[in-house]
């Protein structure tokens with residue numbers, strides 16, 4: 001089959017069609033409950049555009065992407081739905097088509113409030129068979145996202161992880177949290193499904209290296225199916241200044257890379273897919289979307305390394 005134009009495709013690679021693809025790039029231009037900075041609906045397109053400038057050689061593979069695999073960039077979710085509930089149902093339907101295939105899904109977003117809809121669709125994955133209880137969600141995030149509601153809305157982006165647990169997710173492992181409410185702190189302490197690695201504990205000069213080593217060890221020991229949800233504000237705000245709520249004191253770029261590589265190299269786990277969300281294109285700088293594109297590229301390379 002003749003290759004199609006590479007314009008608008010992830011990494012600027014030629015499009016080879018969706019049939020039998022190894023990796024599918026899914027765009028969720030979703031923005032309905034943001035509480036501070038806006039622009040996440042434009043994030044996926046900006047990330048894909050920036051990805052065309054990312055180097056496609058990866059040391060994990062020792063060759064250029066796609067490294068003999070096929071990557072399909074799907075049409076974005078249409079954004080239809082007059083209510084939040086309708087939009088979340090639309091996202092679930094959009095993802096259903098891909099979550100039932102053998103393709104590895106990488107979602108670009110869009111606000112983090114899409115996570116519950118992602119979990120509903122993921123529950124239908126052949127590996128899970130409707131049971132999210134065996135799933136571990138690894139969440140890189142500045143925020144715990146464990147509020148029960150924000151401003152009266154239970155499906156706010158600030159409640160994304162809490163609603164994912166409500167959908168039946170069995171384990172939640174959070175990395176980089178440094179902005180959370182008293183309610184969320186109490187929930188973290190009391191709910192045995194949640195393990196939170198606070199940024200302060202592994203970034204502090206005194207003892208941080210040991211905590212970081214322990215975190216990586218826990219990632220290596222995860223058993224069973226995994227979903228990676230990467231809110232880019234989990235990185236230090238200097239790396240993603242245009243995300244909706246940039247927070248200082250977060251992960252360095254290479255720490256995020258180490259988390260990704262460690263997670264995918266686990267011998268007892270299987271990463272079913274991932275999302276990179278809260279991407280907001282900058283008006284004066286391309287740093288935010290370029291950082292997101294590099295992390296998305298690393299996820300693709302890490303997945304391919306397991307095949």
Checklist entry - Using a Gaussian network model of the chain with C-alpha springs under 10 Å, which one of 216, 26, 239 is most mobile by mean-square fluctuation? => result 216
Checklist entry - Pulled fully out, how much extra length does the chain show between residue 127 and residue 148, if you take 0.36 nm times their separation in residues and subtract their Cα-Cα distance? => result 4.6 nm
Next on the checklist: Running a GNM on the chain with Cα contacts under 10 Å, which residue among 268, 118, 289 ends up with the highest mean-square fluctuation?
Outcome noted: 268
Item to check | Extended-chain gain in nm, criterion 0.36 nm per residue less alpha-carbon gap, residue 306 and residue 192 | outcome: 38.0 nm
Checklist entry - Which of 244, 266, 207 moves the most in a Gaussian network model of the chain with Cα springs under 10 Å? => result 207
Checklist entry - Relative contact order of segment 65-125: what whole-number percent is it, with Cα pairs under 8 angstrom and at least 6 residues apart? => result 33 percent
Checklist entry - What per residue convex hull volume, in Å³, do the alpha-carbon atoms of segment 174-272 yield? => result 112 Å³
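Among 61, 88, 235, which comes first, then next, by fewest other beta-carbon atoms within 10 Å? All intermediate terms of the calculation are to be shown ahead of the outcome.
Values: 61 18, 88 22, 235 27.
Ascending number of Cβ neighbours within 10 Å: 61, 88, 235.
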Item to check | Counting DSSP beta bridges with both ends in the chain, the antiparallel % (nearest 5) | outcome: 10 percent
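May I ask you to derive the FRET efficiency for residue 211 and residue 96 from their Cβ-Cβ distance with R0 = 35 Å, giving the value to the nearest 0.05?
Details: r = 39 Å, r/R0 = 1.12.
Efficiency, from the Cβ-Cβ distance: 0.35.
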Next on the checklist: Once you place label points 7 Å from the Cα toward the Cβ at residue 53 and residue 286, how far apart are they in nm?
Outcome noted: 0.2 nm
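Fewest first, what order do 276, 138 take by the number of other Cβ atoms within 10 Å? Present the calculation step by step, with values, prior to reporting the outcome.
Values: 276 27, 138 24.
Going from least to most buried by this count: 138, 276.
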Item to check | Inter-probe distance in nm under a simple model that places probes 7 Å from Cα toward Cβ, at residue 220 and residue 182 | outcome: 4.1 nm
Checklist entry - Rounded to the nearest 5, what % of the DSSP beta bridges within segment 49-201 are antiparallel ones? => result 20 percent
Checklist outcome for this item: Listing 197, 212, 227, 254 by rising number of other beta-carbon atoms within 10 angstrom, fewest first, gives 254, 212, 197, 227
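Rounded to the nearest 500 deg cm²/dmol, what is the calculated helix-only ellipticity per residue at 222 nm for the chain, with -39500 (n - 2.57) per DSSP H run of length n ≥ 4?
Working: 9 runs with 97 residues, N = 307.
It comes out at -9500 deg cm²/dmol, rounded to the nearest 500.
Going highest first, how would you order 107-117, 74-84, 46-56 by mean Cβ packing within 10 Å?
In descending order of packing, they fall as 107-117, 46-56, 74-84.
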Checklist entry - Here are some values of semi-axes √(5λ) of the Cα gyration tensor in Å: (i) 31, 26, 16; (ii) 26, 22, 20; (iii) 34, 24, 21. Which one was computed from this structure? => result (ii)
Checklist entry - Where Rh is the Kirkwood radius over the Cα pairs of segment 19-134, the temperature 25 °C and the viscosity 0.890 mPa s, what D in µm²/s does Stokes-Einstein return? => result 159 µm²/s
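Only the coordinates and a few stated rules stand behind these numbers; no lab work does. What you see is a predicted model; the values in this text were computed from it and never measured. Cβ coordinates were reconstructed from backbone atoms using ideal geometry, including for glycine residues, and neighbour counts include every protein chain displayed.
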